[in-house]
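First the structure, in the form of structure tokens, and then the observations on it.
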Amino acid sequence: MNWIAKSVLVVLGSVSAVGGVFIGKQFSSRETAKKTISEVLGKSLIDPKITSYSTKWDYRKDKLKKAKEEDLVPSLAGLKSKNNSLTGEDIRNWCEVNVKGFEGDDEGKKLKNAASYCTFNIKDKMTGTPIEENGSWDSAKQKLKGIQSGTPLSQKMQSVKALLEQNPNPQEDALKQWCLEAYDKQFMDDQDQDLRDANSYCV
């Protein structure tokens, strides 16, 4: 091998080595650029420092009691195992600590848990008084059924309205079922169509 060929190999080897280090650094930087859970959930998060939110934490305590253990990260499963001694304050404390973790922690399970137990839901953000499961849904149903053709209506409300007016066999509980499911959905922002529909037809 002549000196020219040797020189080319040396240069290529150097570029390869340098390139390998550069790529490695790029990958490392990308890995360390993970978002925290609080950054991902943003304005959906309940502020644990606001003391007037105690009823919201109590609701999430009851929700945790009904959860499947396999869906929970170990620390939250440990709280669930407290059974009757579990408090809303336990949930608040868990959220305050764990939203500082990263979105990929526990293969993303911690983020899912935080979204379920540390965020506002649509019911929290409704401007009117939500109709409860055993409340009267007649007025709300009549309001939706009374919407005239051509009036702007979300696709979901169009579907619910169609079920209420189905002939034969109208599904009288269609609106109730939609509202009860919507109540527990994570609040995203004030422009969320589900929130708008709930404010219009679930009060």
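Selection of the range 48-66 for residues being surrounded by fewer than 18 Cβ atoms within 10 Å (Cβ to Cβ) and touching a Leu at 6+ places or on another chain (Cβ under 8 Å) yields only Lys65.
A single member of Leu153, Leu76 is surrounded by 14 or more Cβ atoms within 10 Å (Cβ to Cβ), of a type in the set (A, V, I, L, M, F, W, C) and outside any loop (DSSP other than H, G, I, E, B), and it is Leu76.
One line per residue, one yes/no per condition, for (1) modelled with pLDDT of 50 or more; (2) among the charged types (D, E, K, R):
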position	(1), (2)
Val18	no, no
Ser28	no, no
Lys49	yes, yes
Ser54	yes, no
Tyr59	yes, no
Ala67	yes, no
Val73	yes, no
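Restricting the first member to the range 108-123 and to residues that are more than 14 Å from Asp58 (Cα to Cα), and the second to residues that are of a type in the set (S, T, N, Q), the beta-carbon pairs closer than 7 Å and six or more apart or on different chains are Lys110/Asn98; Ala114/Asn98; Ala115/Gln186. If you scan the range 146-159, which residues turn out to be out of contact with any Lys or Arg (no Cβ under 9 Å at 6 or more places or on another chain) and in contact (Cβ under 8 Å) with a residue 24 or more places away in the chain? Those that are out of contact with any Lys or Arg (no Cβ under 9 Å at 6 or more places or on another chain) and in contact (Cβ under 8 Å) with a residue 24 or more places away in the chain: Lys156, Met157. Within the range 128-135, none of the residues are outside any loop (DSSP other than H, G, I, E, B) and either at pLDDT 95 or above or within 20 Å of Gln193 (Cβ to Cβ) (or both).
The values are calculated or read from the model by the stated rules, or taken from the named source; none is laboratory data. Because the structure is predicted, anything quoted here is derived from the model rather than measured. Reconstructed Cβ throughout: ideal geometry from the backbone, glycine too, with neighbour counts over all protein chains shown.
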